[in-house]
Amino acid sequence: MGIIRYIAALLLCCVLGAPVCAGVLAQSDVERRFPAPYIVGPKEAGLPVWPIFRQNGTATELAGYAFESIDLAPIPGFAGVPMNLLVAIDPKGEFIDVSVLSQHEPVFLDGLGEEPLFAFARQYRGLSLRQDIAVASKAGRERGADANHAWLDGVAKATASVRILNQSVLSAALQVARKKLGFAQGRDPDRIARIRAGLEQRLSVPQMLDAGLIRRLRVRNSDVEKLFAGGAGAGLDPQALAAPDDVFIDFYLAWVSVPAVGRSLLTDASWNKLKNRLDEGDHAFLAMSSGRYSITGDDFVRGSVPDRLALTQDKLPIGLRDLDMDLQLADPRALQVDSVTVLRVIAQAGLDPGGALAFSLPVTRAKGIVYPERISKDIALGYKLPAEYLVPAAGGSKGWRAVWIDRLPALLSLAAALVLLAAALALQQRLVRDGRRFAWFRRAYLLFTVGYIGYYAQGQLSIVNITAAVQALAAGRGLGFMLFDPMTVLLWAFVAMTLLAWGRGSFCGWLCPFGALQEFTGKFGQWIKLPQLMIRPRTDARLKWIKYALLALMLASALLAPALADMLVELEPFKTAITLNFNRSWPFVAYAVGLLLLSMVSYKFFCRYLCPFGAALALFGRVRLFDWIARRAECGKPCQTCRHRCEHGAIRPNGTVVYAECFQCMDCVVIHASDEKCAPLMLELKRRPAIPIARVAN
C-alpha cells in the first residue's frame, strides 16, 4: 500500500508541477516496522517525524525518531525523482535503521535489481551522525574507519546512485538531529544567517585574501612529517624526507557562491553557469591547489564526494560534493594553481553561513605490506565569512521568549479563561444564586478544561513537574527549562496564587483535564443509575493517606533513585489519557480507562485516594489565607445536608470543611444559598414574620 500511495503522490506531484513530493507513510505503516516494545507516537506538525518510544518495565522512554527522507531532503536521482527512505535515529544520533521505501534509479530497476540497494541501506545501522559517513573509495579504504569517520561499501556500477542515497540520508537525519536532539550546540536551524545577495562588488585576489574571503593553506613536506612524528607513520614518505622544503600542497579555498567572491574570482560566463546550477539555499566552495598533493586523487570520480577534503560545523559533518563543472578563473595568473574543483553543500545540510567552518585535509600513510596499518592525520583549515557579507539570523536564537511569542494567542485565550475562573470564584455568591445556571457554567468550563487546556494546549500539570524541579535543584541546575512550556508556567502561576486564596480546589476541581474527565464519567455513571460504591467514613479517611505516601515515595526516589522515580510517575494516568491521547501500549491504556470506569461507581476515585500531585497541592494549600466556604451555626448541628451531598467527603460531621480534600465544586455553596435545599435557611425563612400588606383606601 505504501508503494501505491507513493506512485499516486508522484503522479499528482508531476501533474501539478510541484517541486517536491511529501512522504506517504501513515502511522500504522511505521508501527508495523517498529512493533512492540516500541510505541510510535503521532507524526509531529512542526517537523515531519514520528517519535518512537520504548517500553522499559513500567517506564516509557524516547527511543528515537523516524522520518521519510523525501519530507526533508528530496534530492533527485538519475530519473529526476527523489529516493524515499525511512530513516530512524536514536537520541544519541545513531542510526537505528535505514530502509528503502521507493526508488527510480535505472541501474536498480533494470539491471542489478533492488537487493544490492537494500543491502547498502542496511549498513547504516549502528553508525553515528557524529561520524563523517561516506561511500568508500580507494582512499577511504586506506584510511579506515574510526570514531570520526565511517565508510560504506558501495555497489559496483551504481556508485553515483548510492552516493545520492547517502546524501539523502545524512541531509535528512542532520536536520532532525539539529532540531530534535540538540545537535549543533543548540543552534536553531530555522534561525540561521543568510548570504547577502546584493553585495557584488569587484575585488582583487589580494583584497579577498586580506578580507578572509579566500583562505590559503601552504604546507611543506616537513610540516606533514611533523604531523606523523613520534608515531607509527613517521618516516614513511621518502619524497618528504628527501625534499623537506618542497611544497606538499598550496591550497586556496573560496566561498564562491557568495556573490562578491564568485563575481570577482570567476569569469562572467562561469559565474552565471555556477548560479544556474545552485538551488536556493545551496552553497559552493572553490578548492584550488598546486603541489604534490591534491584533493582530487588519482581515483577521484567527478561528481562524487572527495575523500581528501572534509567539512564540519559545530562538530557535525557536512557533505561536500563535486559539481563536475569546469569553471574559468577571471585572473588565472593571480592564483598559480594546477587543480580547480567546485564543491556544493546542499541547502538541506543545514550549514549556517554565520558560523565558523572547519575544513580538514586528511593525509594517510601505510605501514606494512601484507596487512598494512593505515595511519591518518588531518591538516586543518578554518573559514569564517566576514559579517558584512551576511544577513544576520532573524532575532537570533529563539530561546524561551520566542516560544512565548509563538504561543501568544493560546496564552491569551488561557489567560482570559483563568481571569473568568478567578472572577467566578471570587464572586461565587452571585454565581450560585441560580443553581441551574451555575451547573451549566461548571459543565462548560470543565469541557474547556478537557478540550482546550488538556488536549489542545497540553497543559496538564503533573507530579512530573515537581519531581523534575526537585531533580534539577538537587543537581545544581536552574528551573529555566520550564520556561519553554509557557502554558504550564501560566497554569502554575495561577495555581500558586489561588492556593493562597482557596487551596487546592481551584486546580483539582476546575483546571485538571483528567479530573474533569473523571467528573464527567462519574456524573454519567450516576445518570445511568449505576450502583455507587459506598465507602465508610473511617475507611475513606484512611484511603486518603495513600496519595501522601505516594508523594513522599516519589519525592524520595527523585532525589535518591531517579530511575525508580521515572517508573513511579506512571502511577499518574495523565500522560496516557491527556498527553498521548490514549496512544500507548495496552497496559497503560487499560489502567487509565480502568480509573475512568471506576469513577463511574466511586466518584473521582483516583483524585481522592491516589493522586500524588493532588497531595502536593493539598500540602501547599495549607497556607491559604482564609476559609472561603460560608457556614451557618446549624451546619453539622444538626444539619448534615452538605456533608451527605459532598461527593468528595470533604465535610466533617460537625460541618467544618476539610480544605485539603475540597475540590471547590461549590455544590455546598449552592446548597447554602438555596432556600429550597438548605434546611437552616428554610427554617429561618419560615420563622421570619410575615410582612403585612397595607390596604390602600380608595
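The values are calculated or read from the model by the stated rules, or taken from the named source; none is laboratory data. On a predicted model such as this, the values are computed, not experimentally measured, just so you know. A quick note on method: Cβ atoms are made from the backbone with ideal geometry, for glycine too, and the neighbour counts reach across all protein chains shown. Heavy atoms of the whole protein, side chains included, go into the accessibility calculation; ligands, DNA and RNA do not. Shrake-Rupley method; radii C 1.70, N 1.55, O 1.52, S 1.80 Å.
Descriptive notes on the structure:
- Dipole magnitude for the stretch 187-248: computed about the Cα centre from +1 point charges on Lys and Arg Cβ and -1 point charges on Asp and Glu Cβ, it is near 400 debye.
- Sites excluded, GluC sites (Glu not before Pro) in DSSP loops with at most 16 other C-beta within 10 Å, longest stretch of the chain: 281-633
- Centre-to-centre, using Cα atoms only, the stretch 593-666 and the stretch 266-315 are separated by 73 Å.
- Projecting the Cα positions of 483, 40, 503 onto the charge dipole of the chain (unit charges on Cβ atoms of Lys, Arg, Asp and Glu, taken about the Cα centre) puts 503 furthest along the positive direction.
- The stretch 570-698: Rg to Rh, with Rh as the Kirkwood radius over Cα pairs: 1.21
- Charged side chains reduced to their Cβ positions (Lys and Arg at +1, Asp and Glu at -1) give the chain a dipole of some 4080 debye around its Cα centre.
- All aspartates and glutamates inside 17 Å of residue 686 as judged from Cα atoms, apart from same-chain residues fewer than 8 positions distant: 634, 675, 676
- Local net charge near residue 424, Cβ-Cβ under 14 Å (Lys/Arg +1, Asp/Glu -1): +4
- Charge dipole of the chain about the Cα centre (unit charges at C-beta), most positive-ward option of 76, 458, 113: 458
- Ranking by accessible area, most exposed first, for 71, 378 with a 1.4 Å probe: 378, 71
- Sorting 535, 164 by accessible area puts them as 535, 164; the probe is 1.4 Å, largest comes first, and only protein heavy atoms count.
- For the residue pairs 523/604; 544/604; 92/377, alpha carbon separations beyond 20 Å are given by 92/377.
- By the Kirkwood approach, averaging reciprocal distances over each pair of separate Cα atoms, the stretch 626-681 gets a hydrodynamic radius of 11.1 Å.
- Exposure check, 1.4 Å probe, all protein chains in place: residue 646 carries approximately 30 Å² of accessible surface.
- Extension gain, residue 268-residue 456: 0.36 nm per intervening residue step, less the Cα-Cα distance, totals 62.2 nm.
- Rounded to 0.05, the FRET efficiency of the residue 581 and residue 197 pair, given R0 = 41 Å and the Cβ-Cβ distance, is 0.35.
- Put simply, the C-alpha atoms of the stretch 276-335 give a gyration tensor, and the ellipsoid matching it has half-axes of 20, 17, 13 Å, longest first.
- Of the beta bridges in the chain, as assigned by DSSP with both residues counted there, near 95 percent are antiparallel.
- Count Lys and Arg as plus one, Asp and Glu as minus one, and take only other residues whose Cβ is under 14 Å from that of residue 220; the net charge is then -2.
- Of 334, 356, 252, farthest towards positive along the dipole that unit charges on Lys, Arg, Asp, Glu beta carbons give the stretch 239-375: 356
- Dimensionless Rg ratio for the stretch 291-381, taking C-alpha atoms and the 2.2 N^0.38 Å reference: 1.27
- The ellipsoid that matches the Cα gyration tensor of the stretch 177-305 has semi-axes, each √(5λ) in whole angstrom, of 33, 22, 15, with the longest given first.
- The length gained by stretching the chain between residue 125 and residue 299 to full extension, at 0.36 nm per residue less their Cα-Cα distance, is 59.9 nm.
- List 52, 546, 466, ordered by accessible area with a 1.4 Å probe, largest first: 546, 466, 52
- By the rule of a C-alpha distance below 12 Å, with chain neighbours fewer than 8 residues away ignored, the aspartates and glutamates paired with residue 179 are 188, 190.
- In summary, the stretch 66-116 shows an alpha-carbon radius of gyration equal to 1.26 times the 2.2 N^0.38 Å reference for compact globular proteins.
- Stokes-Einstein D (µm²/s) once Rh is taken as the Kirkwood radius of the stretch 407-539 over alpha-carbon pairs, at 4 °C in 1.567 mPa s: 77 µm²/s
- Rounded to the nearest 20, the Cβ-based charge dipole of the stretch 509-637 about its Cα centre (Lys and Arg +1, Asp and Glu -1) stands at 560 debye.
- On the principal axes of its alpha carbon atoms, the chain extends 127, 61, 58 Å, with the longest extent given first.
- Computed with a 1.4 Å probe over protein heavy atoms only, the accessible area of residue 548 comes to about 40 Å².
- Rg/Rh (Cα only; Kirkwood hydrodynamic radius) as it applies to the stretch 596-648: 1.07
- Where labels lie 7 Å past Cα in the beta-carbon direction, separation of residue 633 and residue 492 in nm: 4.7 nm
- Fraction of C-alpha pairs exceeding 14 angstrom in the stretch 585-626: 59 percent, rounded to a whole number.
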